[in-house]
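Worksheet: the structure to be examined is printed underneath.
The values are calculated or read from the model by the stated rules, or taken from the named source; none is laboratory data. Computed from a predicted model, the values in this text were never measured in an experiment. FYI the Cβ positions are ideal-geometry reconstructions off the backbone, even for glycines, and counts take in every protein chain you see. To get the accessible areas, we keep the full protein, side chains included, count just its heavy atoms, and leave off ligands, DNA and RNA. Shrake-Rupley method; radii C 1.70, N 1.55, O 1.52, S 1.80 Å.
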Amino acid sequence: MIFLKTDEEIELMREANRLVGMTQGELAKHIKPGITTLSLDKIAEEFIRDHGAIPSFLGYNGFPYSLCISVNENVVHGFPSDYVLKDGDIISVDCGTEKNGFCGDSAYTFCVGEVSEEVKSLLRTTKESLYLGIEKAIAGNRVGDIGDAVQTYCEKRGYSVVRELVGHGIGRKMHESPEVPNYGKRGTGPLLKKGMCIAIEPMINMGSKNVVFESDGWTVRTRDRKPSAHFEHTVAIREGKADILSTFEYVEAILGDKAI
Ligand code: MG
Ligand code: MG
């Protein structure tokens, strides 16, 4: 069942998503060589609670942390840990909040210190593909139009699209229908209607598309251990132009000209 949101509900979702963006902005100040990913989790949890919200990942199907932090070859759902970030790493920080009964969900892949041009180009392409997908997220299009836009763009640049994990509807629950794959065919899949809210989240690999599920039951990594990038926005479907509810503006204000 796909839930359509009213304008009032969409504004509440914007608030939850803005807090996600603010939390990522706070984290951007701390993401440097020498910090553990677990300390980032603590910063995020405190920041979210201080702003009157709940970190929605914590306890979700038993997930034990507030953030999913996935370093280098880890694609998504990584556990914050005592791993110390080092120069040249990339980390996907996926953050979710629940505020006023609605959920926010967004992810950003950060560079730690100096990252190789090759890896930066993977990040840039992944982020650009997110916005190309968002351009297709308008009333009257179909879910497959989004996946086609992401897949075509990334594969043309020699990267591959993870198949096992997909974007999703979002609202009162973090995961609602429909699924929003990062691959697909134009003109196929569920019809996008005004008031639908979806999270679009390309997971793009430098090497092959194949992934492995680690024995912790959560972490997904590339089988070939080459890097993977992940960017995510929550958007509301409108006529003519998608309404992006989450924001990278806080992150980019901190990163300045170092932003991808
Ligand atoms: Mg997410
Ligand atoms: Mg998501």
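Here are the numbers for this structure:
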{"read-out": "Cα Rg, Dmax (largest Cα-Cα span) when computed across the stretch 179-247, Å", "value": "15.1, 44"}
{"read-out": "10 Å-binned pair-distance histogram of the chain (Cα, whole percent)", "value": "8, 34, 39, 18, 2"}
{"read-out": "Cβ-defined net charge surrounding H168, 12 Å radius [Lys, Arg +1; Asp, Glu -1]", "value": "-4"}
{"read-out": "Rel. contact order, % - alpha carbon contacts under 8 angstrom, at least six apart, the stretch 1-110", "value": "33"}
{"read-out": "The chain: relative contact order in percent, alpha carbon pairs under 8 Å with at least 6 residues between", "value": "24"}
{"read-out": "DSSP loop GluC sites (Glu not before Pro) with at most 11 other Cβ within 10 Å: longest gap in the chain", "value": "115-238"}
{"read-out": "Non-local Lys pairs in the stretch 140-260, i.e. 8 or more apart or on different chains, that have alpha carbons under 15 Å apart", "value": "4"}
{"read-out": "Residue-count net charge about M206 - beta-carbon cut-off 13 Å; Lys, Arg +1, Asp, Glu -1", "value": "+3"}
{"read-out": "Shape category assigned to the stretch 88-151 from the gyration tensor of Cα positions, a/c cut at 1.5", "value": "oblate"}
{"read-out": "Centre separation in Å (Cα based) which lies between the stretch 110-131 and the stretch 193-260", "value": "12"}
{"read-out": "Percent carbon-and-sulfur accessible area, the stretch 1-139, ignoring ligands, DNA and RNA, probe 1.4 Å", "value": "54"}
{"read-out": "Radius, Kirkwood style, for the stretch 215-256 when every pair of distinct Cα atoms is counted (Å)", "value": "13.9"}
{"read-out": "Proximal charge balance of A107 [Cβ under 10 Å; K/R count +1, D/E count -1]", "value": "-4"}
{"read-out": "The chain - mean residue ellipticity at 222 nm from DSSP helices (-39,500 (n - 2.57) per run, n ≥ 4, rounded to 500)", "value": "-9500 deg cm²/dmol"}
{"read-out": "Accessible area (Å², per residue) of the chain, counting only protein heavy atoms and a probe of 1.4 Å", "value": "42"}
{"read-out": "The stretch 60-78 and the stretch 1-40: distance between their alpha carbon centers, rounded to Å", "value": "15"}
{"read-out": "Percent RCO, i.e. relative contact order, over the stretch 146-215, from Cα pairs under 8 Å lying at least 6 residues apart", "value": "41"}
{"read-out": "Under 20 Å from the R172 label point (7 Å along Cα→beta-carbon), backbone N, the stretch 199-220", "value": "199"}
